[in-house]
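Peer 1: One structure, pasted below without further comment.
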Amino acid sequence: MSGENLNLWSLFKKGDKDAFLKIYHSNYEILYSYGFKISGNSDLTRDVIQEIFADLWEKKSTVADVVHIKAYLLKYLRRALLTKITAEKKSQGLNTNEENLFEVSISPEDLLIKNQISKEQERKILDALAQLSPRQREIIYLKFFDELDYQAIQDITSLNYQSLRNTLHKALQSLRKILAIQIIFFLLIINRL
Amino acid sequence: MDYSKYSIGDFFMDESFQDFARGTNPEAIKLWTDIIKQFPEKEEDILEAKKLIQSISLNKVKIDPKQFEEDETKIKEFLNKQEKIEHKQVQFVNWSTIKIAASITVFMVLAALFYQYFSEVKTEENTEKQTIAFIEKNVPKGQKLTLFLEDGTKVKINSNSTLKFPAHFNTDKREIFLEGEAFFEVKRDTSRPFIIQSKNIATTVLGTSFNISAYPENPLVKVAVVTGKVKVEDTNNTKTGNNHAVSLLPEEMATFSSSSGDLKKSNYSSIKEIGWSDGIIYFENTPLSEIIEMLENWYGVEIKSDNKVNTREIYTGTFKDESLENVLNALKERAKFHYSINNSKVNIYGL
């Protein structure tokens, strides 16, 4: 896959519009989904996606060689959104600690097993996810939404391997605690999945 | 690995285990099903870790097509504006080996036109009791064709190739026949594997993208995988060894030699094997005789060379969306020839 990616990226760097549009097409959905999840703002996300692609095209001849295009773009988007949101919160005199900048809300529609579980179970899972820190939710989002590997998540979030594992592990502990009681019912129901 | 010491957390964190829990990767499913058999005492932990992962797995956000169209238009408008600013500089691909300055010929492929243009032959074949209507697409030299099958699979067929497929797929499998070369982007459908029969080789997938090259005149059949997982089988079982079948992952290629019956797995160069689907002609240390064959196929012409041309000399080069003249102009300096083009006949005279 990276062979193809490398080829696409080098074509884009040489000014190939088709290659550039192909990169745009194949990453738009994931970029929008992720951007919208972490910012909670659809218009802002769409604007920032346009900006980063315009930016890329203007800098095409000097931009780095990229193997994992998706992770590169997600990181780019994350940084751009962070800058915008920080500026906005500062102007409103709000806390701009990075940990609290992103909200990462997860709704019932997001759950893959929505149709296999009861409303009650659905509420419990969402509660459990809501009680995690925004950073934990973001990592869960990257890991279990887009199936990115640990290396890519490290690149995007700038966490090192150990803190990434620790964060995910802590998330797991709290999830288990919250879901412990109903996990038995749960087992019976989705065992057939 | 000793999984008897694995905790729920260890399972949860293991990337191959995550693939297993989400059921996205057949290899992971097989691996972990075996592990559960080997470590029955861990079954409960494994099930809990699996449920945890399933409970927090998320759907993709549905994007309104209108929103995407709007944003796409914006980025295209931006590109057009930029192009004017850049004074319409002609861009061309110049990979290291041969540098050619030339204008770009634009390939406009209109699927609708192709539909009428290419011969569409319906044949009937008896398979046991039921009759299946097959559609046959012949793509002549000098042409390429992109088409979508009933299930949404996209096939880009290279020059001088034939694809035969049923008007309606079966409920248990999607089977088609290829002679020549094509690039596939198979729509995922785990309940109906997609099978491509070419020469003695059957390629089976659930949903991926890959290239198959199986020209009758070439003794080698090549299957190169871009995404997903692909199984390649020698249907003749000519050899009694254990290489009737290989499994391929991205960046891997299977090469089947119809003369020796060998089925081998290796890595491949993406531009070399599937560059054609992006309009790229690529050759590396290739004798002129083979380059001439490639050009005949690509442009749909007949090329004759006189005996003063050394067709055994080897060359390396890359061309994207170039006209035949530009390719020949680049070659004639190095291979030392003159040429003349008369309709679809090309004559090459050595110096």
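The values are calculated or read from the model by the stated rules, or taken from the named source; none is laboratory data. This is a predicted model, so every value here is computed, not measured. Note: ideal-geometry Cβ built from the backbone for every residue, glycine included; neighbour counts use all protein chains shown. Ligands, DNA and RNA are excluded from the accessible area calculation, which covers all protein heavy atoms including side chains. Shrake-Rupley method; radii C 1.70, N 1.55, O 1.52, S 1.80 Å.
Table: residues versus (1) within 26 Å of B:Asp45 (Cβ to Cβ); (2) modelled with pLDDT of 85 or more; (3) open to solvent by 40 Å² or more (accessible area, probe 1.4 Å).
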residue	(1), (2), (3)
A:Leu129	yes, no, no
A:Leu132	yes, no, no
A:Gln136	yes, no, no
A:Leu142	yes, no, no
A:Asp146	no, no, no
A:Ala152	no, yes, no
A:Leu164	yes, yes, no
A:Leu168	yes, yes, no
A:Gln173	yes, no, yes
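Peer 1: Name the residues in the stretch A:31-51 that are more than 10 Å from chain B (Cβ to nearest Cβ), surrounded by 18 or more Cβ atoms within 10 Å (Cβ to Cβ) and aliphatic (A, V, I, L, M), would you?
Peer 2: A:Leu31, A:Ile38, A:Val48
Peer 1: Let me ask you something else. Name the single residue that is nearest to the chain's Cα centre (by Cα) among those in the stretch B:297-307 being open to solvent by 30 Å² or more (accessible area, probe 1.4 Å) and within 17 Å of B:Phe337 (Cα to Cα).
Peer 2: B:Glu302
Peer 1: Here's something else I'd like to know. Pick out the one residue from B:Thr235, B:Thr171, B:Thr227 that is of a type in the set (Val, Ile, Thr), touching a His at 6+ places or on another chain (Cβ under 9 Å) and open to solvent by 30 Å² or more (accessible area, probe 1.4 Å).
Peer 2: B:Thr235
Peer 1: Continuing with this model, one more query. Test of understanding: among B:Phe183, B:Phe177, B:Phe194, which residue is more than 12 Å from the chain's Cα centre (by Cα), at negative phi and open to solvent by 10 Å² or more (accessible area, probe 1.4 Å)? Working first, answer last.
Peer 2: Details: B:Phe183 fails: more than 12 Å from the chain's Cα centre (by Cα); B:Phe194 fails: open to solvent by 10 Å² or more (accessible area, probe 1.4 Å).
Just a single option satisfies the conditions, and that option is B:Phe177.
Peer 1: Given the residues B:Ser258, B:Ser198, B:Ser277, which is the only one that is modelled with pLDDT under 85 and either among the polar types (S, T, N, Q) or within 25 Å of A:Asn7 (Cβ to Cβ) (or both)?
Peer 2: Within the list B:Ser258, B:Ser198, B:Ser277, the selection yields B:Ser258.
Peer 1: Given the conditions (1) among the aromatic types (Phe, Trp, Tyr); (2) surrounded by fewer than 18 Cβ atoms within 10 Å (Cβ to Cβ); (3) within 30 Å of B:Lys231 (Cα to Cα), and given that B:Tyr268 satisfies all but one, which numbered condition is not satisfied?
Peer 2: That leaves (2) as the condition not met.
Peer 1: Regarding B:Lys30, is this residue part of a helix (DSSP H, G or I), over 30 Å from B:Lys229 (Cα atoms) and within 35 Å of the chain's Cα centre (by Cα)?
Peer 2: Considered against the rule, which asks whether it is part of a helix (DSSP H, G or I), over 30 Å from B:Lys229 (Cα atoms) and within 35 Å of the chain's Cα centre (by Cα), B:Lys30 comes out as no.
Peer 1: Hey, another quick one. The conditions are (1) within 24 Å of B:Gly279 (Cα to Cα); (2) at pLDDT below 85, and B:Phe184 fails exactly one of them. Which is it?
Peer 2: Unmet condition: (2).
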